[in-house]
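*Asks:* I have a structure here, written as structure tokens, and I will follow up with some questions on it.
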Amino acid sequence: MLVFGVDIPLVEILLVFMGIIFILLVEALVVIGMLMSQMNKMKQLISLQQKMSETLLAVKKVEADYLEKLKRR
């Protein structure tokens, strides 16, 4: 194959392109794996935060009931 007057074998060009594509594929898989890991951590964080907010609301309700009892006395 002639490119700008230089003879370049087509097989070598295809091998180089396949190597580049393979490296990009591996990089994409690594990035997707990291994103999935972070997504799972975020799900756990959200569930813990929801449990914490429910607990805080329950504590506030108990405190309000206790203050109401003290006011009645």
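The numbers here are math on the coordinates, done by the rules we state, and not lab data. Everything numeric in this text was worked out from a predicted model, so none of it was measured. Every residue, glycine as well, gets a Cβ built from its backbone with ideal geometry; the counts of neighbours run over all protein chains shown.
*Asks:* Go through the range 60-73 residue by residue and turn each phi into a ³J(HN,Hα) via Karplus (6.51, -1.76, 1.60, θ = phi - 60°); whole Hz please, and just put x for glycine and proline.
*Replies:* Running phi through 6.51 cos²θ - 1.76 cosθ + 1.60 with θ = phi - 60° gives 5, 5, 5, 4, 5, 5, 5, 5, 5, 5, 5, 5, 5, 6 Hz.
*Asks:* Turning to a different aspect of this structure: Would you mind working out the magnitude of the charge dipole of the chain relative to its Cα centre, with +1 at each Lys and Arg C-beta and -1 at each Asp and Glu C-beta, to the nearest 20 Debye? Provide the component values of the computation, followed by the final result.
*Replies:* Numbers: 9 positive and 7 negative charges, 257 e Å.
That gives a dipole near 1240 debye.
*Asks:* Hey, another quick one. Can you tell which of Val62, Leu15, Gln49 lies farthest toward the positive end of the dipole of the chain, using +1 and -1 charges on the Cβ of basic and acidic side chains (Lys, Arg; Asp, Glu)?
*Replies:* Going by the charge dipole, the pick is Val62.
*Asks:* Which of the chymotrypsin sites (Phe, Trp or Tyr not before Pro) found in the range 3-71 are loop residues per DSSP with 14 or fewer other Cβ atoms within 10 Å of their Cβ?
*Replies:* Here the sparse-neighbourhood loop sites are Phe4.
*Asks:* Hey, any idea what the orientation-averaged projected area of the convex hull of the chain's Cα atoms comes to, in nm²?
*Replies:* Mean shadow area of the hull around the Cα atoms is 7.8 nm².
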